[in-house]
Amino acid sequence: MTQLTLDVILEGEIYHAKLPHRLEQVSLKKAIIEYGVGSILNTPGIPLTRTEWIELIGTIQQTAIKETRLGIPVLYGIDAIHGVNYTVDATLFPQQINMAASFNPDLVKAAASITAYETRASGIPWNFSPVLDVCRHPLWPRLWETFGEDVYLVNEMGLAMLEGFQDNQIDNPYKVGACLKHFLGYGMPLNGKDRTPAWIPERFLREYFLPPFEAAIKAGAASIMINSGEINGIPVHASKQILTDLLRDELGFKGLVVTDWEDIKYLHSRHRIASSDKEAIRLAIEAGIDMSMVPDDFTFSDLLLELIEEGSISESRINESVKRILALKQKLGLFENPGLSPTADYQLFGSETHAKFALQLAQESIVLLKNKNQQLPLSKDAKVLVTGFAANNIKHLNGGWTETWQGDRADEFIKNKPTLLQAIKDKIGTEQVHFVEGTTFDEMTSLREAINAAKDSDHIVLCLGENTYCEFHGNIDDLNLPDAQIEFAKVMIATGKPVTLVLLQGRPRLITPIAEDIDNIICGFYPGNEGGRALADIIFGDQNPSGKLPITYPKHAHGLVTYDRKNSEISSIQGSKICYDPLFEFGDGLSYTTFEYSNLILSKTKMTKKDTLDIIVNVKNTGDRIGKETVLLFVRDEYASITPSVKRLRGFNKIELEAGEQTMVRFQLKKEDLSFVGIENEWLCEAGDFTVMVGGLSTMFELV
Ligand code: BGC
């Protein structure tokens, strides 16, 4: 039931492993033989090659299999969240927020399937992914690790990713066991800071946060990781209500439940609901934890044993968890093949074939938000000034969990992928491109030089955004982009040359002071290793953008209202601004072609609760080039006993149309799509009027 971080058994200090890494025999034996540690996670702080991974895990398994009484293999786990991001030369995909922006579940499934392949190719069978947290607070530094703010979108993308990882055959040498995280209610900390209190009434927990987990559990997810935060004053790691009553008894989850990092200890040291580490362990085990990500000492094993010996925890409770852990090891095929050597051919690891999927996903995830007078795409004859601190780094394309936890050293390890600057040079020729950094994240560096270079250019590509970060390292007090970046942008605008702003960022940093005056805006989030190429393809028209925002892009620092707002969150009362006034809306995203929606037709205007309702709409590409369009279906419940939302996403469908081509897009609504969690915390479907909205068209039906 103990999971340790790799450093514990490496030479060197914990969190400062000696490099190149080497297993330290005394601690290896202590962990595996003396303590019977069941699981190891993490990297030595830098990425390893496939061969190094296989050798490392192989040696751990040798010890477990040959030198322990029962020969039970160890379960190795890793965060392979956008590709196997801790293996040298792996295929690195866009982050989850980009995957959501693509609105293309098939591509997301393909990306996850490649990730599973390359994770197994690295000898690792267990992946701490996908993140199924619905992010309802744009300050939260883990927004980019999620599929965004909408529960339906998270649900669909989560299922696609899970299928790509597991495909219901996790003993297959090309598949991994997934770990859904972080159960439950992690995505809406009250103050936006990571791992801080959330106040979420049960009704909202069930309606907005639970559905993606529930669906993924039904679809056979192997394991689940717990939310490090607290909900309504109860740390989730100590919540029997959530971990046992809900997860086990109600949802019937049979898989393994692992804590997040150090979270049992935090019940004592941070949350202070336990007066000792031992009491913390008792609480967590009683709540329903199977495995403790301790992560760096043996206290969990020692204290748990004491608790059992004293009779505070029963042996049968331990057996329950141990059975689940053994069952996962068995399902992953570790008893037959613990990973002493590769069992399959992994020739496609890090290949161009895999990179093509990463490129397509990156292209489809980039969101064009403004295109003044159709300035974009740019001509390949244009002379371009590329500027801004994020333009010439691989790390800014990838974000956190890239080569290292914080992703800040990606450029040391990834040498063969183009930055945005390089990709633009590759596209239009080095002679046509000037580069001036202009500004760091928060300080202007080469203003004069940038102004001079602008004079000699036809167009400015200004690449701003965020540094890389993960978890609490990304906490901020202010959603605004730092002043230096905004001021630099204003100077670039003042040169009179057209400016295309490219945003590489993990959350919607505010750009309101420049949004009006800047000509073009592209939000790239973290498009991954192929992101430089993908952006250049879009800027110069080799690809037509098709990404849409999976979040609301706020205009004001305190105007943080999600798209599925309530009717009372209206934009103005008698001309005075009240609430919902975003810069860009959920679902916004332009194309270089135009799409016209017509003939929104429902199969009936009265629907019973046993019926299904068919919806069709005609979509035509009225521009002059091929393009992809995500057709979004929103529904509004006009009146309900719990205040209804202005609209909720109930379906989407991404289509591709040639210039002039048209097609009929179909959706189906069932009673479940019209339900909400009522006053008794149970799903309810109430009769009444509903409005269906697709692409600017709307029509109504009545549920009887
Ligand atoms: C994160 C998890 C991650 C775990 C293991 C934690 O700090 O919250 O998302 O899976 O570390 O690396």
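The values are calculated or read from the model by the stated rules, or taken from the named source; none is laboratory data. Note that the structure is a prediction, hence the values are computed from the model and not measured. Neighbour counts are summed over all protein chains in view; Cβ atoms, including those assigned to glycine, are modelled from backbone coordinates with ideal geometry. Accessible surface areas use protein heavy atoms only, side chains included; no ligands, DNA or RNA. Shrake-Rupley method; radii C 1.70, N 1.55, O 1.52, S 1.80 Å.
Summarising the label geometry, the points placed 7 Å from Cα in the beta-carbon direction at S446 and I570 lie 5.3 nm from one another.
Peptide packing: for 512-524, 611-623, the average count of neighbouring Cβ atoms within 10 Å per residue gives the ranking 512-524, 611-623, highest mean first. Judged by the mean number of other Cβ atoms found within 10 Å, the most tightly packed of the peptides 72-82, 428-438 leads the ranking 72-82, 428-438. Label sites at R248 and N416, each approximated as a point 7 angstrom past Cα along Cα to Cβ, lie 4.8 nm apart. Full extension of the chain between T353 and E315 gives 8.6 nm of extra length, using 0.36 nm per residue less the Cα-Cα distance.
Classify segment 183-310 as rounded, prolate or oblate, taking a ≥ b ≥ c as the square roots of the eigenvalues of its Cα gyration tensor: rounded when a/c is under 1.5, otherwise prolate if a/b is larger than b/c and oblate if not. Show your work: numbers first, answer last.
Values: a/c = 1.99, a/b = 1.34, b/c = 1.49.
Because a/c hits 1.5 or more and a/b fails to exceed b/c, segment 183-310 counts as oblate.
Mean residue ellipticity, 222 nm, helices only, the chain: the sum of -39500 (n - 2.57) across DSSP H runs of n ≥ 4, divided by residue count and rounded to 500, is -7500 deg cm²/dmol.
Segment 1-60 and segment 105-139 have Cα centres spaced 23 Å apart. When you work out D = kT/(6 pi eta Rh) for segment 553-669 at 37 °C and 0.692 mPa s, using the Kirkwood radius from C-alpha pairs as Rh and the Stokes-Einstein form, the result is 197 µm²/s. Considering only beta bridges that DSSP places wholly inside the chain, some 55 percent are antiparallel. At what distance in angstrom do the alpha carbon centres of segment 533-574 and segment 440-502 lie from each other? Rounded to whole Å, the Cα centres lie 20 Å apart. Would you be so kind as to identify which of I493, I601, T622 lies farthest towards the positive end of the dipole of the chain, taking Lys and Arg as +1 and Asp and Glu as -1 on Cβ and the Cα centre as origin? Most positive-ward Cα: I601. Any idea what the relative contact order of segment 239-306 is, in percent, if you count C-alpha pairs under 8 Å spaced at least 6 apart? Relative contact order, segment 239-306: 38 percent. Computed packing ranks the peptides 667-674, 292-299 as 292-299, 667-674, most packed first, by mean other Cβ atoms within 10 Å.
When a/c reaches 1.5 or more, the comparison of a/b and b/c decides; with that in mind, is segment 576-630 rounded, prolate or oblate per its Cα gyration tensor? It comes out oblate by the Cα gyration axes.
Between V491 and M700, residue separation times 0.36 nm minus the direct Cα-Cα distance comes to 70.3 nm. Here the contact order of the chain, divided by its residue count and restricted to Cα pairs under 8 Å and six or more residues apart, works out to 13 percent.
When a 1.4 Å probe is rolled over the protein heavy atoms, the share of accessible surface on segment 434-557 that falls to carbon and sulfur comes to 45 percent. Using equal-weight Cα scatterers in the Debye expression, the normalised intensity of segment 366-539 in log10 at q = 0.13, 0.17 Å⁻¹ is -0.57, -1.01. The relative contact order of segment 620-704 comes to 32 percent, based on Cα pairs under 8 Å that sit 6 or more residues apart. Could you give the length gained by full extension between I642 and I679, i.e. 0.36 nm per residue of separation minus their alpha carbon distance, to one decimal place? Between I642 and I679, full extension yields 12.6 nm more.
Amide H contacts under 5 Å for C179: N127, S129, restricted to partners 5 or more places along the chain or on a different chain, H placed in the peptide plane at 1.01 Å from N. What shape does the chain have by the C-alpha gyration tensor, where a ≥ b ≥ c are the square roots of the eigenvalues, rounded means a/c under 1.5, and otherwise prolate means a/b greater than b/c and oblate the rest? Oblate is the answer for the chain, as a/c is 1.5 or above yet b/c matches or exceeds a/b.
Note on K609 and H473: their simple-model spin labels are 5.1 nm apart, each label 7 Å out from Cα toward Cβ. Centroid-to-centroid, using Cα positions, segment 333-377 and segment 629-695 are 31 Å apart.
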